Amino acid sequence: MQSPHQTLGPSRRALLLGAGATALTAASAATTSASTASASTASAAVAVPSPDALPLTGGADFPIGLFWPPHPYASTAERFGEIKNAGFDFVISGNYAGDGNIFQYQLGLARDAGLKMLISDDIQIRNMSRWFSISDTPSDFLSVTPAEASALYIRARDAYGPYSSLAGFNFYDEPGAGWFATLAKALSISRELAPQLLPYINLFPSDDASYYRSFVDVVKPSLISFDRYPLLSEGREDANYFHNWAIVRDAALHGDIPSWVFIQTLAYNNHREPTAAELLWQVNISLAYGAKGIQYFTYWTPEAARGEGFGPALITVDGERTSRYYAAKEINTTWLHQVGRELKPLVSETVEHANETPLPNGAAGFTPTNLVSGITGDAVVVGTFRSRDAASSDRWLLVANRSHSAKTRALVTVNEQTVGSIGVFQPARQKYTPQRVAPVPISLAPGAATLLKLTTK
């Protein structure tokens with residue numbers, strides 16, 4: 001039997017290129033012709049911008065985002081102000097926003113509230129990066145050519161580009177490795193036609209290191225983002241959470257790009273409702289593993305009809321704030337933004353678990369160095385960071401409580417022959433308080449962390 005894609009191939013392509021959300025403005029023929037011609041012949045040669053030059057990944061501020069924002073009927077200036085007041089910087093669109101008019105309306109709300117947006121589910125971007133592959137062979141079924149993909153991208157860019165709140169586009173959520181080649185072409189087109197925008201992709205949770213390495217090598221992304229929700233039902237932890245973080249961290253360092261992560265804010269199938277301490281714990285463990293961006297899953301609560309047993313998130317289905325909204329606000333505004341500004345420009349050097357036996361899968365145990373000779377006491381996770389300036393031998397230690405339910409005490413001993421001074425970061429003042437060069441006592445509430453700066457002699 002003949003494939004319907006063979007029968008409908010030409011009309012499918014014509015319909016695809018004619019499809020668009022109602023607010024989209026078609027690019028001029030001259031612009032489209034010039035841009036798509038170059039995209040079809042030279043997309044592989046397009047330069048990859050430094051993450052430092054892009055929205056959210058660039059700049060001094062640590063990016064804090066959310067997924068599943070207010071639905072279209074609840075998208076108001078007050079609601080977007082509520083997001084900003086809770087310390088969020090950007091919104092990933094969703095929650096049934098899939099129309100160009102809605103995207104433009106929400107971009108206006110985000111602009112007025114001082115937020116950035118990553119647009120998901122725009123039909124043009126979906127057609128060029130998710131529903132169809134990009135192929136140089138027009139006869140390939142369920143594909144578009146690079147020139148056609150460029151025409152689709154131009155429509156989205158020209159429709160939303162005038163809004164200063166546009167940070168970029170979400171090209172694909174949780175792609176399989178088989179989709180990486182098309183995503184590489186899609187990102188190349190994006191960089192050629194709008195190098196100032198952030199191309200965003202979020203990956204599956206996985207214990208396969210090659211999945212993340214291949215993503216970095218093939219797609220050449222501007223960041224690596226993933227989701228893995230470690231708080232399981234009946235008080236359990238995902239046994240491979242640290243392993244997943246370790247291989248994502250390795251892939252990010254391999255590509256010299258930032259790593260972002262989603263944290264769990266709600267109960268759903270086989271996962272429990274987080275406490276305030278468990279929200280903080282996810283944030284601080286992620287920082288210790290080198291995260292350069294934190295995203296919350298979810299902000300607004302998905303309705304029951306989605307079928308995954310979602311409990312209340314930061315905002316309920318009916319628009320009421322939960323205790324986790326206030327917990328997230330406290331974390332974002334009094335700790336994460338402040339410590340994030342310190343950590344964002346630094347390079348993750350090591351991440352180690354001290355005083356924990358047995359070690360979780362994928363975790364490395366503490367090893368003394370010429371700067372830190374010992375860490376004793378209760379279990380902590382220690383991320384060590386260095387400056388990008390090779391001439392600097394200073395180090396920063398983020399010491400995070402391994403427990404999200406109990407207080408922790410530990411003692412960090414430094415080598416007085418190599419460490420000239422120690423500073424303890426005070427987020428309220430955004431300064432380091434000098435500490436005597438001697439064993440540093442660490443006392444941490446459940447899920448909490450502290451940041452030390454070791455200035456070398």
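The values are calculated or read from the model by the stated rules, or taken from the named source; none is laboratory data. A quick note: this is a predicted structure, and the numbers were derived from the prediction, not measured. Glycine also receives a Cβ, built like all others from the backbone with ideal geometry; neighbour counts cover every protein chain displayed. SASA here: full protein model, heavy atoms, side chains in, ligands and nucleic acids out. Shrake-Rupley method; radii C 1.70, N 1.55, O 1.52, S 1.80 Å.
Brief remarks on what is shown
- For the chain, the mean residue ellipticity at 222 nm estimated from helices alone is -9500 deg cm²/dmol, where every DSSP H run of n ≥ 4 contributes -39500 (n - 2.57) and the total is divided by all residues, rounded to the nearest 500.
- Global geometry of the range 397-457, whether rounded, prolate or oblate, following the gyration tensor of its Cα atoms and the 1.5 cut on a/c: oblate
- Antiparallel bridge percentage (DSSP; both residues within the chain; nearest 5): 55 percent
- With at most 15 other Cβ atoms within 10 Å, longest stretch of the chain clear of loop GluC sites (Glu not before Pro) (DSSP): 1-302
- With contacts taken as Cα pairs under 8 Å at a separation of at least 6 residues, the chain carries a relative contact order of 13 percent.
- For the range 353-369, Karplus couplings with θ = phi - 60° (6.51, -1.76, 1.60), whole Hz, Gly/Pro x: 9, 9, 6, 10, 9, x, 6, x, 4, x, 8, 9, x, 5, 10, x, 10
- Three-way shape label, the range 164-283, alpha-carbon gyration tensor, a/c 1.5: prolate
- Solvent-accessible area, 1.4 Å probe, carbon plus sulfur percent, for the chain: 54 percent
- Peptides 127-137, 292-302 ranked from most to least packed by the mean count of surrounding Cβ atoms within 10 Å: 292-302, 127-137.
- For the listed residue pairs K84/K292; K292/K453; K220/K431; K116/K344, the alpha carbons are over 26 angstrom apart in K220/K431.
- Of the residues T357, T57, T76, the one with the largest accessible area comes first in the ranking T357, T76, T57, computed with a 1.4 Å probe on protein heavy atoms.
- Listed residues K407, K431, K344 arranged by accessible area, highest first, probe 1.4 Å: K407, K431, K344
- Matching label, mean projected area of the Cα convex hull in nm² computed from the structure shown, candidates (1) 34.9; (2) 23.2; (3) 24.2: (2)
- Legend: calculated FRET efficiency, D208 to E416, from the Cβ-Cβ distance at R0 = 35 Å, rounded to 0.05, equals 0.20.
- Ranking N401, V419, Q435 by Cα position along the charge dipole of the range 382-437, where only Lys, Arg, Asp and Glu carry charges on their C-beta atoms, puts N401 farthest toward the positive end.
- Each residue was assigned an accessible area with a 1.4 Å probe, and for F67 the value is about 50 Å².
- Put simply, the amide H of L203, placed in the peptide plane, has neighbours under 5 Å in E174, S225, F226, D227, leaving out anything fewer than 5 places away on its chain.
- For V424, solvent-accessible area (1.4 Å; no DNA, RNA or ligand), Å²: 30 Å²
- Considering all different alpha carbon pairs of the range 316-418, the Kirkwood hydrodynamic radius works out to 16.0 Å.
- Prolate/oblate/rounded call for the range 45-119, Cα gyration tensor, a/c under 1.5 rounded: oblate
- The trypsin sites (Lys or Arg not before Pro) found in the range 338-394 that occupy coil by DSSP, while having at most 10 further C-beta atoms within 10 Å, are R388.
- For the range 360-409, the direction-averaged projected area of the alpha-carbon convex hull comes to 4.6 nm².
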